[in-house]
1. Between 163, 27, 83, which gets the highest mean-square fluctuation from a Gaussian network model of the chain, Cα cutoff 10 Å?
2. What is the gain in length, in nm to one decimal, between residue 30 and residue 175 on full extension, counting 0.36 nm per residue of separation less the C-alpha to C-alpha distance?
3. Could you give me the radius of gyration and the Dmax of the chain, taking only the C-alpha atoms into account and expressing both in angstrom?
4. Viscosity 0.890 mPa s, temperature 25 °C: Stokes-Einstein D of region 100-177 from its Kirkwood Cα radius, in µm² per second?
5. From the helices alone, meaning DSSP H stretches of at least four residues, give me the mean residue ellipticity at 222 nm for the chain, per-run term -39500 (n - 2.57), in deg cm²/dmol to the nearest 500.
6. Which distance in nm do the two modelled labels at residue 7 and residue 109 give, with both placed 7 Å along the Cα-to-Cβ direction?
7. Checking the table 12/83; 76/167; 74/167; 136/157; 112/135 against a 19 Å threshold on Cα-Cα, which pairs fail?
8. Could you check the simple spin-label distance between residue 91 and residue 157, using points 7 Å along Cα→Cβ, in nm with one decimal?
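Just so it is clear, none of the values below were taken in a lab; they were calculated from the coordinates. Note that the structure is a prediction, hence the values are computed from the model and not measured. Cβ sites come from the backbone with ideal geometry, for glycine too, and all protein chains shown count toward neighbours.
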Amino acid sequence: MNITGGIYNRQKVLAPDENITRPTLSKVRMGVFNTLGAMIDFEGKSFLDMYSGSGIMALEALSRGFDSVVAIEKNKKVYNIIKNNFSKYEKENDLELILGDSLKVTQKLNKKFDVIYVDPPYFSGIYEQSLESIKKICDGIVILEHVNDVDIPDTYKVIKQKKYGEKNITFLNFMLK
């Protein structure tokens, strides 16, 4: 697997076992960041990869110019692979990897994020819980990767949706009340 754009374009990234994770396809990653790039300037912005899996979305964000990138991963074996991948970039960048359950970790974060990427295991049923858990740290756009319909709470507004085969990418804005 390779980073698809930005300053680290074509850098190789080791992917965890596909029985454990489901890395976002390169065409989907390119589409996500092209669409996002039309919405906001990445410079000075922060990115949270809530269910990191392979870590590729966090590395794409870093490569494309986000100033601060945080990734959360629950599986220790996968965490170690991501940590190895991140080691090439973390000395010169604001790149952080957190081991833990995303729903719990997000409740403890004291930082707001301009973009939050939410891609839990597809049939886990935790999309709504995820959206609830990030309310206090969301300062902009939330991106959902999903295959089934997701009930979007009324505190979020759908701003764009894209389809890539069976995958759906939904861009949301958090609406303060």
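1. Result for the chain, Cα springs under 10 Å: 27 fluctuates most.
2. Additional length available on full extension: 49.6 nm.
3. Just the Cα atoms of the chain yield Rg and Dmax of 14.7, 43 Å.
4. Reported coefficient: 192 µm²/s.
5. -7500 deg cm²/dmol
6. If labels sit at residue 7 and residue 109, their model points lie 2.2 nm apart.
7. Details: 12/83 14 Å; 76/167 26 Å; 74/167 23 Å; 136/157 16 Å; 112/135 10 Å.
Result: 76/167; 74/167 exceed 19 Å.
8. Simple spin-label model gives 4.5 nm for this pair.
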